[in-house]
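For reference, the structure is listed below as structure tokens.
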Amino acid sequence: MKPWRVFGNDLHGGGRRWPLRRKIAATGALAGLVLGVAFWLMLPDSLFRAPLSYVIEARDGTLLSARIAADGQWRFPPGQQVPEKFRRALLVFEDKRFERHSGIDGLAIARAIRLNVDAGRVISGGSTLTMQLARLSRGSESRNLRAKLVEGLLALRLEAGYSKDELLSLYAANAPFGGNVVGLEAASWRYFGREPAALSWAESATLAVLPNNPALVHLKRNRPKLQAKRDFLLRRLHESGDLAALDLELALAEPLTAEPHDLPDLAPHLLDTLRAQDPSRHRLRTTLDARLQVQATQLVRDHSAVLARQQVNNAAALVVDNVTFEVLAYVGNSLGDAHAVDIIRRPRSTGSILKPMLYAAMLQDGMLTPRMLLPDVPTHYEGFSPENFDRQYRGAVRADEALAASLNIPAVRMLKSYGVARFADLLRASGMTTLKRPADDYGLTLVLGGAEGNLWDIAGLYASLAGLARAGLADPVPRFRELSAVQGESGAAHAPTAIGTGAAWLTLRALLEVSRPGEEGHWRSFADSRAIAWKTGTSWGLRDGWAVGNSSRYTVGVWVGNAGGEGRPGLTGSSMAAPLMFGLFNVLPASDWFTQPVHALRPIDVCANDGFLAVDGCATERVWLPRDSHFEMQSPHNLRVNLESSGRFRVDSECESPGAMRHSTWFVLPPAEEFYYRRAHAEYRPLPSMRPDCRDGGSARGALAILYPDANGRVLIPGELDGSRGRTVFEAVHRSPEATIYWHLDDRYLGETHTFHQQSLDMDPGRHILTLVDNEGQRVTRRFEVLATRN
């Protein structure tokens, strides 16, 4: 190529010829473009790559908790605007022409040169705040001429790409403030125990002089020098018109901070949980109420200190807004140290805390009414024999009373009727995330504590019940909702729930009758008492105590126990968790009870004595049911009987003329239920016997019943310690206390019993038939299977 060929054209050859000056201009333009691109690209994608602290804030921005960065520095993520006091103090001290220059201040450089020449050494660098920001971003401590030139170029580039406010925010967030404190926000909390916006002029001035010489901050060294710099800056602020004379006098009188402050740590477990869920998010604005979080934390710690005397060492609590489903207080553990686990998210045995969900589901499904009698008698299901907490039997009990008293036997019978798999599916669909096993693994213990649940999910279930109970005609389709603890992340709504507004309201009304502990037991006697629907749960082995309550606006959930799972005598939901739950309600604003959702309810008439649909002759009362439920069971206990004129005996047409009979409706329970029911109900009148000259034609219920074994049940008989075959106890009841029962096993006579009808039997494995006959010839049989003798 000839030397005069430029860009594919030549000065003298054929084709288009450009004048030399145009060639040079083009070359210069290209060079300028290259330099411009290089200038624009000289900044990295991220100015600062140092690890950041993790910070969570209350809904109003109050700092709740923070964790030190991975490199051991307190370095908060950028986010807050620079407060005006600190902004003015910093600009007056470091860069008074910051608002006017473009990154390099020629006047400041000229002044620095003059001062350095006069002093014979470098005493001033002439750097602007933007140049200092450039140096911080490079992580360089070099102060030579080459470094200054690079910082000047970077400053120009920063000014071209960022606003003045953004530059100040970046500087304030990344400037060193002594020790392991980086950034204005961390320094404000570390040295003064409050946010930067709340600092006084003296405090703002103290922090403004530190980045220039962060080594000044020491509890015992350099304090006079630091105070001299602060006071010098305060006087300059007065001269610039930022500080009035009186304000200057007051600021100068403020002492320097004497001790570093511990950073707030009011929600450490929530911080650790959120950090584990998403490590990329270093600052999170939560839904927590700062004041309530302080109160809740103190209440939990105080209560836990009392429980520790009984070797119960851990407690956790949640407070939820039933309207927004936002968490207002989150105390993950009464132990606030970094090694304490967040119990709110840890699965624990649920005890009886899930019973209201089953009650609500069965109301919705038309399987019961609140007043319906449920059996409370010895019950056996293939080796599982539930017992009430008090080890008592009531014979028959109203459904709402069984729920309020947390009776286990009625609950297990309800679950047997509803279906374990169906109930497990309902819980999962409603937001319970801890049910990982197949339904058969839980079995009928699902409603008694055989399930794993955490306080987060369970509080969500109860808050959703309250949300459903609040739903009005204009509200969307009722759904259970997930809780949210982070602003802007509302809890997801699940699929349309199997529990509607009416069932939810009826369930909470039943829970309003749960007996309260201690002084709370007299709550109805005081005008300012709060209507709270609540439920407790206690796990097997006294390992977990639960208490969850609802007002119309708030849900409070509490768990107490030992994180390691150790049980303790007296560890129950009612005695240890409930007092803390009521204490938390007492610091919440009062709210009215739920308005009855008449649009979601319908009235029906039931027999007052058993809660089933009314039949002729029974005294009735009106109860509410969910509007879209279909309860169709008529009373099985109010029987039409024929009596002789005196009313002492039953008769029939074979032994008495119809004209001499009295017709009556008699409340009759099955023999097993009657046996226990009569003990607590003196008003209960047993069904009269048939007159001796009459034959019972089966118009009334039998008087004899087998309590154990169950029909077609399987009996497992454990072996004795010496290796011999064990025995099992069968049990029956009779309406008449004077009755004699004759026992037969596989047509082999075993003996007779009086009053208390039990037999201890030794049987071979296999299928058997138990036959009982009373002294009046009434007979019942029961088929069952003995599995095997085991040692």
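The values are calculated or read from the model by the stated rules, or taken from the named source; none is laboratory data. As the structure is a computational prediction, the values presented were derived from the model and not from experiment. Reconstructed Cβ throughout: ideal geometry from the backbone, glycine too, with neighbour counts over all protein chains shown. All accessible areas refer to the heavy atoms of the entire protein, side chains included, with ligands and DNA or RNA removed. Shrake-Rupley method; radii C 1.70, N 1.55, O 1.52, S 1.80 Å.
Results, tabulated for the structure shown:
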quantity	calculated
Number of positions in the stretch 173-209 that are part of a helix (DSSP H, G or I), farther than 23 Å from residue 131 by Cβ and hydroxyl-bearing (Ser, Thr, Tyr)	3
Residue selected from the stretch 637-676 under the condition assigned to a helix (DSSP H, G or I) and surrounded by 17 or more Cβ atoms within 10 Å (Cβ to Cβ), by the criterion farthest from the chain's Cα centre (by Cα)	671
Pair list, Cβ < 6 Å and 6+ apart or interchain, from the stretch 148-160 residues that are free of Cβ contacts under 8 Å to residues at least 60 places away in the same chain to residues that are surrounded by fewer than 18 Cβ atoms within 10 Å (Cβ to Cβ) and among the small types (Gly, Ala, Ser)	159/102
Filtered residue count, the stretch 500-555, keeping only those that are farther than 30 Å from residue 313 by Cα, hydrophobic (A, V, I, L, M, F, W, C) and free of Cβ contacts under 8 Å to residues at least 12 places away in the same chain	2
Sole residue being out of contact with any Ser or Thr (no Cβ under 8 Å at 6 or more places or on another chain) and either in contact (Cβ under 8 Å) with a residue 60 or more places away in the chain or crowded, with 19+ Cβ neighbours inside 10 Å (or both), chosen from 583, 611, 565	583
Any hit, the stretch 102-112, residues being modelled with pLDDT of 85 or more, open to solvent by 40 Å² or more (accessible area, probe 1.4 Å) and over 18 Å from residue 211 (Cβ atoms)	no
Within the stretch 682-791, strands (runs of 3 or more DSSP E) holding 2 or more residues that are farther than 30 Å from residue 640 by Cα	713-718, 728-734, 740-745, 748-754, 757-761, 766-774, 779-790
Complete set of residues in the stretch 159-215 that are among the basic types (Lys, Arg) and either open to solvent by less than 20 Å² (accessible area, probe 1.4 Å) or within 18 Å of residue 64 (Cα to Cα) (or both)	190, 194
Lone unmet requirement of (1) surrounded by fewer than 18 Cβ atoms within 10 Å (Cβ to Cβ); (2) assigned to a helix (DSSP H, G or I) for residue 513	(2)
The stretch 616-636, subset open to solvent by 20 Å² or more (accessible area, probe 1.4 Å) and closer than 17 Å to residue 501 by Cβ, residue farthest from the chain's Cα centre (by Cα)	630
Subset of the stretch 185-221 [over 20 Å from residue 254 (Cα atoms) and touching a residue at least 40 places away in the same chain (Cβ under 8 Å)]	185, 186, 211, 212
Residues satisfying the stated conditions in the stretch 432-453, i.e. under 23 Å from residue 321 (Cβ atoms) and open to solvent by less than 10 Å² (accessible area, probe 1.4 Å)	432, 453
Condition met for residue 490 (more than 27 Å from residue 304 (Cα to Cα), in contact (Cβ under 8 Å) with a residue 24 or more places away in the chain, outside any helix (DSSP H, G or I) and open to solvent by less than 30 Å² (accessible area, probe 1.4 Å))	no
